[in-house]
Amino acid sequence: MIYFDNAATSYQKPDRVKKAAASFIEDRCGNPGRGGHIIAMKAAETVYECRKKLGTFFGVTDPSLVCFTGSCTEALNTAISGCLGKGDKVITSNIEHNSVRRPLIAAGCDIRTFDALAGEDEILSQVDKLIAGGAKALVCTCASNVFPVSLPVRELGRLCRGRGVLFIADGAQAAGHFDIDVIRDNVDILCIPAHKGLYGIPGCGAMIFSPLFNTERMKPLLYGGSGVNSRESSMPFYPPEKFEAGTLPTVAIAALSAGIDFVNEVGIDEISRREKTISERILNCVSNNDNVVFYHGKPGSLLCFNVKGVPCEKTAAALNEYGVCARAGLHCSPDAHKTTAPDGAVRISFSVFNTEAEADAFCDILALIS
Amino acid sequence: MKHRYFAFSSLTYAYKGKDALDNTGIRSKIIRLSGNETKKGCRYGIEVSEKDNFDAKSALYKYGVPFTEPL
C-alpha cells in the first residue's frame with residue numbers, strides 16, 4: 001500500500017506518538033483541571049508540557065497563549081467568530097478551505113478576495129490595495145490544501161501589522177512542513193491541526209496567539225466548565241481557559257507532544273526536503289505522459305492532477321485498486337478548483353515516511369491507468 | 001513544616017507560577033485550593049515552604065505571573 005493522503009491526515013505515525021497515546025490512556029488519563037488528585041494532575045502536567053512545546057515550536061514562549069481545540073476547523077471557527085462579525089471587511093484568498101470560507105460567510109463578513117495563485121509579488125500588491133481600501137482582518141491559509149502553493153506569510157503579516165489589520169492564519173497544511181513563527185511573522189492567531197504535519201492523532205487542534213494580540217477583544221465560541229471560578233457566570237478572563245470549555249482532548253494532546261518531539265528531531269527542513277524529493281521524482285517521471293495534467297505542478301508536500309478525460313473519482317478509484325491511497329474531488333476547497341479543475345482533481349500528498357521507491361511505483365501505476 | 005500558598009487565575013497560570021519557582025530553585029507543588037474565600041469557586045495554587053515565601057513572591061513578580069495570597 002502507498003499512502004499518499006497525508007494532507008488529509010498523516011497515516012503513518014512515529015512509534016513514539018503511538019506509545020505516548022497508549023501510555024497516557026494506561027496511566028494518566030484523568031481530566032486536567034477537574035480535581036487535585038494524582039491522575040488529574042498527571043493529565044494536567046501532560047497538557048501543560050504540550051502547551052510549552054507547541055508554543056515554542058511556533059515562536060511563542062508563553063504557554064498560556066496556546067489554546068487547545070478539537071480540530072483546526074474548531075480553532076478557525078473560534079478565531080473567526082470570536083473576532084469578526086456582520087459587515088466587517090475581511091480579506092481572504094481564492095484558495096481557502098471551507099474551514100475558513102464558511103465561518104467567514106456565517107459571520108456575515110464583507111469578504112474581499114485576492115488571487116493566491118498569482119505569484120508572491122502580485123499577492124502582496126493585491127493585499128496592500130485591499131488593506132488600503134479598509135479592512136479589519138486578513139484571514140487566509142499559509143499553504144493550499146489543493147496545490148503546491150504557499151503564501152508569503154511573513155510579508156503578509158508585515159503588511160497587516162503596519163496597518164493595524166488582524167491576521168488569522170490557517171496553518172493546516174503548513175504546520176510541520178515549513179517554519180512559522182507567530183511573532184516573527186506577525187501572525188495574530190495561528191490555527192493548526194495536530195494530526196497532519198505534526199504527526200499527532202485526530203481530535204486535537206490549537207490556536208496560538210501572538211503576545212501582541214489582545215485576547216480581551218475575542219469572544220469564546222464555547223461556554224462551559226473550565227475547572228476554575230465555577231461560581232462565575234462567565235468564562236475565565238484569560239486564555240487558555242477562556243477558550244477551552246469542556247474536557248480537553250487529552251489523549252490527542254499527549255500524542256501531539258510526542259509528534260512535536262519527532263518533528264523537532266527530524267527537522268522541518270529535512271521533512272520538507274524529503275517531501276520535495278518525492279514530488280520532484282513524480283513530476284519528472286510523468287513529464288512525458290501527455291495523458292496526465294498537473295496543476296501548478298512544482299515540488300512540494302502535495303501534487304494535484306487529472307488524467308485527461310477521466311473523472312477524478314474514477315482515477316482515485318483506479319489508484320486504489322493498485323493500493324494507492326489518494327484523494328479526489330474538491331478537497332473542501334471549491335474556490336481553489338474554479339479556474340483549474342472545476343469538476344475536481346486527484347491530490348497526492350506526502351509525509352516524511354514516503355519513499356522514492358513509492359514514488360517510482362506510483363509513476364508506474366499512473367502510466368498503467370492513464 | 002509550615003507552608004504558604006499562592007492562588008492563580010487558572011491551572012495554566014499555576015503551572016506558569018511553578019515554572020517561575022523551578023527556575024529560581026524553589027521547590028513547590030501545585031494543589032487544588034478552596035474557592036470559598038473569593039466566592040468564585042474552584043481554583044488552583046502552589047504550595048511552598050514558609051521559609052521560601054519571600055523568595056517565591058519575588059520570583060512570581062519577576063516572571064510576571066499574577067497571583068493572590070489566600071488567607
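The values are calculated or read from the model by the stated rules, or taken from the named source; none is laboratory data. Keep in mind that what you see is a predicted model, and the values were worked out from it rather than measured. All Cβ positions, even for glycine, are placed from backbone atoms using ideal geometry, and neighbour counts span all protein chains on display. We work out accessible area using only protein heavy atoms, side chains counted, and drop any ligands, DNA or RNA first. Shrake-Rupley method; radii C 1.70, N 1.55, O 1.52, S 1.80 Å.
Numbers at a glance
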| quantity | calculated |
| --- | --- |
| Per-residue mean of C-beta atoms belonging to partner chains within 10 Å, peptide A:222-231 | 5 |
| Among B:Y44, B:Y15, B:Y61: highest mean-square fluctuation, GNM of chain B, C-alpha pairs under 10 Å | B:Y61 |
| Nearest-ten-degree value, helix A:38-57 long axis tilted from longest Cα axis of chain A | 50 |
| Mean Cα-pair separation over length for chain A, i.e. relative contact order, pairs under 8 Å, 6 or more apart, % | 23 |
| Environment charge of A:I278, counting only residues whose C-beta is closer than 11 Å and scoring Lys/Arg +1, Asp/Glu -1 | -1 |
| Gyration tensor (alpha-carbon) shape descriptor, the range B:3-62, a/c threshold 1.5 | prolate |
| Whole-Hz couplings from phi, Karplus 6.51/-1.76/1.60, listed for the range A:328-341; x for Gly and Pro | 10, x, 9, 6, 6, 10, x, 5, 4, 8, 3, 8, 10, 9 |
| Sequence-distant residues sharing a close amide H with A:S10 (under 5 Å, placed H) | A:K196 |
| Per residue accessible area in Å² of the protein assembly as shown, where ligands, DNA and RNA are left out and the probe is 1.4 Å | 42 |
| Over the protein assembly as shown: helical MRE at 222 nm, DSSP H runs n ≥ 4 each giving -39500 (n - 2.57), nearest 500 | -12000 deg cm²/dmol |
| Total accessible area lost when B and A pair, probe 1.4 Å, Å² to nearest 100 | 1800 |
| Neighbourhood net charge (9 Å Cβ-Cβ; Lys/Arg +1, Asp/Glu -1) for A:R231 | +1 |
| With 10 Å bins from 0: P(r) over the protein assembly as shown, alpha-carbon pairs, percent | 4, 20, 28, 24, 15, 7, 2, 0, 0 |
| Partner chain coverage, peptide B:3-14 - average Cβ within 10 angstrom | 6 |
| Cα pair distances in the range A:124-184, grouped into 5 Å bins until the bin that holds the longest one, percent each | 4, 18, 32, 22, 16, 8, 1 |
| Folded to 0 to 90 degrees: helix A:15-27 orientation relative to chain A principal axis, Cα | 30 |
| Within-14-Å neighbourhood charge of A:Q12 [Cβ basis; K, R +1; D, E -1] | +1 |
| Accessible surface of chain A [probe 1.4 Å, protein heavy atoms]: carbon and sulfur percent | 49 |
